[in-house]
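Structure first, commentary second.
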């Protein structure tokens, strides 16, 4: 069985989100640049259909928060 890459796993998490959902990616496990680049690099089909996400650094929780906004 083929193991999924971290980028594929992140993209899958983005795809499974509903509008208003928030996911936290721990800074200890994920590169913030990878999280921020995921929509433009791996989710072009979804973006062309109007899906949008917002990311922000949540330093008190040591995570990158991703919110699906549309």
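Consider residue 25 carefully, then state whether it is touching a residue at least 40 places away in the same chain (Cβ under 8 Å), surrounded by 11 or more Cβ atoms within 10 Å (Cβ to Cβ), touching a helix residue (DSSP H, G or I) at 6+ places or on another chain (Cβ under 7 Å) and part of a helix (DSSP H, G or I). It is false that residue 25 is touching a residue at least 40 places away in the same chain (Cβ under 8 Å), surrounded by 11 or more Cβ atoms within 10 Å (Cβ to Cβ), touching a helix residue (DSSP H, G or I) at 6+ places or on another chain (Cβ under 7 Å) and part of a helix (DSSP H, G or I).
Of all residues in the stretch 35-57, which are surrounded by 15 or more Cβ atoms within 10 Å (Cβ to Cβ) and touching a residue at least 24 places away in the same chain (Cβ under 8 Å)?
Passing the criteria: 35, 36, 38, 39, 42, 43, 46, 53.
Any chance the stretch 34-55 includes a residue that's within 12 Å of residue 70 (Cα to Cα), assigned to a strand (DSSP E or B), in contact with a helix residue (DSSP H, G or I) (Cβ under 7 Å, 6 or more places away or on another chain) and at pLDDT 95 or above? The answer is yes, given that some residue of the stretch 34-55 is within 12 Å of residue 70 (Cα to Cα), assigned to a strand (DSSP E or B), in contact with a helix residue (DSSP H, G or I) (Cβ under 7 Å, 6 or more places away or on another chain) and at pLDDT 95 or above.
The values are calculated or read from the model by the stated rules, or taken from the named source; none is laboratory data. What you see is a predicted model; the values in this text were computed from it and never measured. All Cβ positions, even for glycine, are placed from backbone atoms using ideal geometry, and neighbour counts span all protein chains on display.
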